[in-house]
Amino acid sequence: MERGNTMHNFSYYAPTQVVFGRGAEAQIGALVKAQNCRKVLLHYGGGSAQRSGLLDRIRAALETEGVAFTELGGVAPNPRLSLVRRGIELCRQEGVDFILAVGGGSVIDSSKAIGYGVTNEGDVWDFYDRRRQAAACLPVGVVLTIAAAGSEMSNSSVITNEDGGVKRGYSNNLCRPRFAVMDPELTMTLPDYQTASGCTDILMHTMERYFTGRGGNSALTDGIAEALLRTVMDSARVLRDDPRNYDARAEVMWAGSLSHNGLTECGNGGNDFSVHALEHELSGMYDVAHGAGLAALWGSWARYVYRDCLPRFERFAVRVLGVPAGADAEETARAGIEAMEDFFRSIGMPTNLHELGVEPSEEDLVTLARKCAVATGGVKGSAKQLREPDMLAIYQMAV
C-alpha cells in the first residue's frame with residue numbers, strides 16, 4: 001500500500017452557487033433575475049421536462065419575475081454541433097445574454113457551447129478541435145434533471161460533430177455555471193438504465209482522477225474520493241431495487257457535482273481520463289450511452305495499465321471494494337478490477353463491447369484508435385501513458 005506520499009501543489013476553483021433539495025426549482029425565477037440579464041435562452045432536451053410540468057413551472061417563474069426569454073429544445077444525448085450552431089444564431093438574433101439549461105449533462109454542455117459561440121467570432125468547433133481558446137462565454141445557469149455528467153459545476157463540455165462522428169471535449173473556467181438548482185425528486189422518473197449509466201459516469205469521473213501515476217497524493221483528497229465512490233456504489237444498488245428512494249437520489253446527485261468540480265483531484269498530481277478519451281470515440285461512432293460505454297471499456301483499460309499504477313489499484317481494491325489486502329499486490333489489484341466489473345453487472349451495465357451492443361470490425365477498431373490518438377494529441381493518460389497502439393490493444397481487449 002502507498003506510504004509517504006507528498007501532496008502536489010494545486011489550484012481549486014468552484015464558483016457555482018448550489019441550491020439543493022426538495023422543491024429547489026421554486027427559486028429559479030429569483031436566481032435568474034439576480035443575474036441582471038435582458039433575455040434568457042431556455043435550453044432543454046426531449047419531452048420529459050415538458051411532460052413533467054417542469055418547463056411550465058420555469059416559464060411561469062420567469063414571467064413572474066419579468067424576465068424575457070426565448071426557447072430552444074431538442075438536445076439529444078451526445079449533444080450535436082448542428083443544434084449548437086442553431087442556438088448561437090438564435091441567441092444573436094434575440095439578444096440573449098444568459099442561458100438557462102434545464103436537463104442533464106447534454107443540455108448543459110450544449111448551453112456552454114452556445115455560450116462560447118455567441119461571445120466569440122469564428123466557428124465554435126475550433127475550441128473543441130483545439131485550434132484556439134475562447135475569450136468569453138455567456139453566463140449559464142442550470143436546473144439539473146439527471147445526475148451523471150457533473151457539468152453543472154465543471155469547466156468542461158463535450159460536443160459531437162455529426163460530420164465524421166467526432167466527439168470532442170473542451171475545458172475552460174469561463175463556462176462554469178453561475179448557479180445549479182438540484183432537486184433529487186426531478187430524477188425519480190429516469191429509466192433504470194439511465195440512472196445506472198449516470199452512476200457509472202460519476203464513478204468514472206472520480207476514478208479518472210484517482211488513478212494517477214505521478215506519485216504523491218493527498219490523504220484527504222483520497223479519502224474524499226474513496227467515500228464518494230463507496231457512497232455512489234451503495235446508492236446505485238439501492239436505486240436498482242427502489243428507484244424512488246429520495247435519500248439515494250440525493251446522494252448520487254450531490255456526488256455527481258463533487259466528482260467533476262475538481263475537488264477529487266486536489267493535490268494528486270495529475271488526472272488520467274484515458275477511459276473517457278476512448279469512450280468519446282466509441283459514442284461518437286456508435287452513439288451509445290456515455291456511462292454504459294465507460295463501463296464497457298473500463299475493465300480492459302484497467303487490466304492493460306494496472307501494473308504501471310499498482311499501488312493505486314491495490315489501494316482502490318482494499319479501500320473502495322473491500323478486497324482483503326494480500327501479500328501479493330498484483331493479485332489484490334486484479335481482484336479489485338474483477339469486483340468493480342461485478343458491480344457494473346449488478347446494476348445492469350455492460351463490461352465489454354458485445355454486452356454494450358456494439359460489434360466493431362477490426363477495421364473499426366483501428367479507426368477508433370486512430371481517432372482517439374488524433375483527439376488526444378498522440379498520447380493520453382497518467383496511470384500509464386497510452387499511444388495509438390495501446391489504444392488499439394484496449395479496444396481489442398474490450399470486444
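The values are calculated or read from the model by the stated rules, or taken from the named source; none is laboratory data. Not measured: the values here are computed from a predicted model. We place every Cβ from the backbone using ideal geometry, glycine too, and count neighbours over all the protein chains shown. The protein model used for the area step is the full one, side chains on, heavy atoms only, and it has no ligands, DNA or RNA in it. Shrake-Rupley method; radii C 1.70, N 1.55, O 1.52, S 1.80 Å.
Rg and Dmax of segment 87-246, both derived from C-alpha coordinates alone, stand at 17.4, 51 Å. For the peptides 11-20, 157-166, 275-284, residues were scored by their other Cβ atoms within 10 Å and the scores averaged per peptide; the highest-first order is 275-284, 157-166, 11-20.
Here the gap between Lys33 and Ser11, fully extended at 0.36 nm per residue and compared with their Cα-Cα distance, gives a gain of 4.8 nm. Taking amide H positions as modeled 1.01 Å from N, with prolines and chain starts lacking one, the residues under 5 Å from Phe98 and 5 or more places away or on another chain are Lys39, Leu41. Between Asn245 and Ile224, the simple spin-label model (points 7 angstrom out along Cα→Cβ) gives 2.6 nm. Size descriptors for segment 31-130 (Cα atoms only): Rg and Dmax, in that order, 13.3, 42 Å. Accessible surface computed residue by residue for the chain, with neighbouring protein chains in place and a 1.4 Å probe, gives 39 Å² per residue. Starting from the Cα of Glu162, step 7 Å toward the Cβ, then list every residue of segment 270-289 with an amide N under 18 Å from that point. Residues 283-288 fall inside that zone.
Which of the peptides 122-133, 259-270 is most tightly packed, and how do the rest follow, judged by the mean count of other Cβ atoms within 10 Å per residue?
On the way: 122-133: 15.9, 259-270: 22.0.
Most protected by this proxy first, the peptides run 259-270, 122-133.
Rounded, prolate or oblate: which one fits segment 201-306, using the alpha carbon gyration tensor with axes a ≥ b ≥ c (rounded when a/c is under 1.5, else prolate when a/b beats b/c, else oblate)? Taking the square roots of the gyration eigenvalues as a ≥ b ≥ c, segment 201-306 is oblate.
Seen from every direction in turn and averaged, the convex hull around the alpha carbons of the chain projects onto 18.1 nm². Can you say what percent of the DSSP beta bridges in the chain, counting only those with both residues inside, are antiparallel? Round to 5. Approximately 25 percent, going by the DSSP bridge assignments. Both radii come from the Cα set of segment 86-132: Rg as radius of gyration, Rh as Kirkwood radius; their ratio Rg/Rh reads 0.97. Given a Förster radius of 30 Å and the C-beta distance between Glu121 and Ala76 as r, what FRET efficiency does 1/(1 + (r/R0)^6) yield to the nearest 0.05? So, using R0 = 30 Å, E works out to roughly 0.65.
Give me the percent of accessible area attributable to carbon and sulfur for the chain, probe 1.4 angstrom. Write out the running numbers ahead of the final one.
Numbers: 7370 of 15510 Å².
C and S atoms contribute 48 percent here.
Taking every DSSP beta bridge that has both ends in segment 1-121, the antiparallel portion is near 0%. Segment 352-377 and segment 211-266 have their alpha-carbon centroids 28 Å apart.
FRET efficiency for Ala339 and Glu63, Cβ-Cβ distance as r, R0 = 51 Å, nearest 0.05? With a Förster radius of 51 Å, E is 0.50.
Between the alpha-carbon centres of segment 90-131 and segment 175-206 there is a gap of 21 Å.
Placing a pseudo-label 7 Å from each Cα along the Cα-to-Cβ vector at Arg237 and Arg85 gives an inter-label distance of 4.8 nm. Highest-first packing order for the peptide set 323-333, 107-117 is 107-117, 323-333, based on the mean count of other beta carbon atoms within 10 Å. The phi-based Karplus calculation (6.51 cos²θ - 1.76 cosθ + 1.60; θ = phi - 60°) puts the 3J(HN,Hα) values of segment 335-347 at 5, x, 4, 5, 5, 5, 5, 4, 4, 4, 4, 5, 10 Hz, whole numbers, x for Gly and Pro.
If I take every Cα pair under 8 Å that is 6 or more residues apart in the chain, average their sequence separation and divide by the length, what percent do I get for the relative contact order? Before the final figure, lay out each step's value.
Numbers: 806 pairs, mean separation 66.6, N = 399.
After rounding, I find 17 percent.
For Val18, the residues 5 or more places off, or on other chains, whose built amide H falls under 5 Å of its own are Ala180.
The phi torsions of segment 11-17, fed into the Karplus equation with coefficients 6.51, -1.76 and 1.60 and a -60° offset, translate into couplings of 10, 10, 9, 9, x, 6, 7 Hz, rounded to whole numbers, with Gly and Pro shown as x.
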